[in-house]
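Accompanying notes for the structure given below.
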Amino acid sequence: MANHTYPIVLVHGAWHGAWCWKKLLPLLREKGLSVYTPTQTGVGENASQLSKSVTLNTFIEDIADFLITHDLHDVVLVGHSFAGISISGVADRMPERIRHLVYLDALLLQSGQKVFDIIPPEMAEARRELAMQTSQGLSLPAPPPAALGVTDEVDAQWVKQNCTPHPLSTYESTLHLNHPLGNGLPATYIAVTPHYLATTSSRDYARSRSDWQYAEMAAGHDAMVTSPEQLCRLLVAYQNPK
């Protein structure tokens with residue numbers, strides 16, 4: 001690995017927070033890497049900020065502000081699951097701060113799309129109904145850990161204890177980009193196998209991009225929980241890409 005290293009910013013997905021990277025963090029730091037784990041508005045340790053005013057733009061601003069506040073440049077920006085949208089938005093606004101985009105089994109939206117536009121219609125409808133039943137449409141409760149590919153009993157209990165409801169408004173709000181998705185930055189999409197249903201269209205799109213790298217790893221959707229060592233190896237490779 002090159003002597004000079006680039007900061008890694010890990011952005012969590014729906015229902016999660018900075019806590020979800022706990023198993024991966026020490027592995028990356030043992031490699032001498034600087035790693036940051038922001039939490040977005042309304043979830044994780046910021047769950048008290050949950051409101052219907054939280055949008056995709058809120059999530060994007062969370063990460064953009066984090067990069068500015070921490071004076072981060074040449075960043076390997078990793079977005080897991082829902083956070084694929086966040087890192088796409090940041091890439092659109094401040095590409096000069098980003099070295100490499102890593103979409104970890106992530107959702108990919110084009111400008112003008114909502115999350116409920118790209119996931120299977122029956123899944124979108126079920127999530128709307130569940131949000132209405134549990135919170136009058138404010139938030140979506142977390143699914144069982146097994147639905148996220150976490151089957152180890154200890155890991156599953158930890159994930160279940162830490163997940164928080166996710167603002168439904170972020171599923172219903174529209175992404176606005178001023179440039180093509182990825183904004184010309186080096187990008188890699190890492191899909192897990194068995195495949196996660198919600199990312200079907202995103203995986204297909206990522207594979208169609210000749211200018212992106214595409215990789216698959218045998219792991220649950222929450223790969224940072226189920227397979228942190230393997231994920232660490234992949235992320236270290238982006239420190240000195242070929």
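The values are calculated or read from the model by the stated rules, or taken from the named source; none is laboratory data. Keep in mind that this is a model prediction, so the values were computed, not measured. Neighbour counts are summed over all protein chains in view; Cβ atoms, including those assigned to glycine, are modelled from backbone coordinates with ideal geometry.
Here are the numbers for this structure:
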item: Residue within segment 190-199 that is among the β-branched types (Val, Ile, Thr) and either in contact with a Pro (Cβ under 8 Å, 6 or more places away or on another chain) or assigned to a loop (DSSP other than H, G, I, E, B) (or both) present; result: no
item: Candidates THR5, THR41 - the one that is more than 26 Å from ALA237 (Cβ to Cβ), outside any helix (DSSP H, G or I) and either β-branched (Val, Ile, Thr) or in contact (Cβ under 8 Å) with a residue 40 or more places away in the chain (or both); result: THR41
item: All positions within segment 64-104 that are surrounded by fewer than 24 Cβ atoms within 10 Å (Cβ to Cβ) and closer than 15 Å to TRP21 by Cβ; result: PHE66
item: Among the residues listed as LEU148, LEU140, LEU104, LEU109, the single one being touching a residue at least 60 places away in the same chain (Cβ under 8 Å), out of contact with any Gly (no Cβ under 9 Å at 6 or more places or on another chain) and of a type in the set (A, V, I, L, M); result: LEU140
item: Every residue from segment 174-231 that is β-branched (Val, Ile, Thr) and either out of contact with any strand residue (DSSP E or B) (no Cβ under 8 Å at 6 or more places or on another chain) or without any contact (Cβ under 8 Å) to a residue 12 or more places away in the chain (or both); result: THR174, THR200, VAL225, THR226
item: Counted residues, segment 200-242 - those being among the β-branched types (Val, Ile, Thr) and modelled with pLDDT of 95 or more; result: 2
item: Residue that is aliphatic (A, V, I, L, M) and farther than 19 Å from ALA198 by Cα, where the choices are LEU138, LEU168; result: LEU138
item: Selection from segment 50-91 of residues that are touching a strand residue (DSSP E or B) at 6+ places or on another chain (Cβ under 9 Å), without any contact (Cβ under 8 Å) to a residue 40 or more places away in the chain and not in a loop (DSSP other than H, G, I, E, B); result: ASP62, VAL90
item: Filter result for VAL35 (of a type in the set (A, V, I, L, M, F, W, C) and surrounded by 21 or more Cβ atoms within 10 Å (Cβ to Cβ)); result: no
item: Enumeration of residues in segment 200-242 that are within 17 Å of the chain's Cα centre (by Cα), part of a helix (DSSP H, G or I) and either among the aliphatic types (A, V, I, L, M) or closer than 19 Å to VAL9 by Cα (or both); result: ALA206, ALA223, MET224, VAL225, PRO228, LEU231, CYS232, LEU234, LEU235
